[in-house]
1. Counting alpha carbon pairs within less than 8 Å and at least 6 residues apart, what relative contact order, in whole percent, applies to the chain?
2. Just order 29-35, 96-102 by mean Cβ neighbour count inside 10 Å, highest at the front, would you?
3. If each Cα of the range 33-114 is one equal point scatterer, what is log10 of I(q)/I(0) from the Debye formula at q = 0.18, 0.21, 0.24 Å⁻¹?
4. When the Karplus curve 6.51 cos²θ - 1.76 cosθ + 1.60 is applied with θ = phi - 60°, which whole-Hz ³J(HN,Hα) does each residue of the range 14-21 get, with x for Gly and Pro?
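Bear in mind these aren't lab numbers, they're just calculated from the coordinates by the rules spelled out. Everything quoted here is computed from the prediction, not taken from an experiment. Glycine also receives a Cβ, built like all others from the backbone with ideal geometry; neighbour counts cover every protein chain displayed.
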Amino acid sequence: MKLTRIIMTTNAVWKGFGNGNGFLWTTTLTYTTLFALVPLFAIALSLFKFFGGFSIIQQSIFPIISDFLDPSHKIQVMQYIQSYVDNIKVGTLGTIGMVIFILASIVLASALSC
């Protein structure tokens, strides 16, 4: 009795998902969510660098990133990351990141409300 009810419910959900463009909605929400996360990380990075807490984050995150890299290219990639971090202009990154983050949040909120 329960098994047939589960099968019927699963079948109804699957049909509703397919008829209502479920895959399109999931890809749209995934894209806009990832689009909103990038500026959020830029804002966080600029705040950490501005207030001087980035060295602590750097000491804890760089070894983790280093573990995932290919040993033959590890030093070169870490040098690129370090040079990128050293060249960050906090004010510019924070301002641009905030604007893009607000725009992405509006897009995400409008996509969720539909």
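1. Rounded, it is 45 percent for the chain.
2. The peptides rank, most packed first, as 96-102, 29-35.
3. -0.84, -0.98, -1.10
4. Listing the rounded values in order: 5, 5, x, 5, x, 6, x, 6 Hz.
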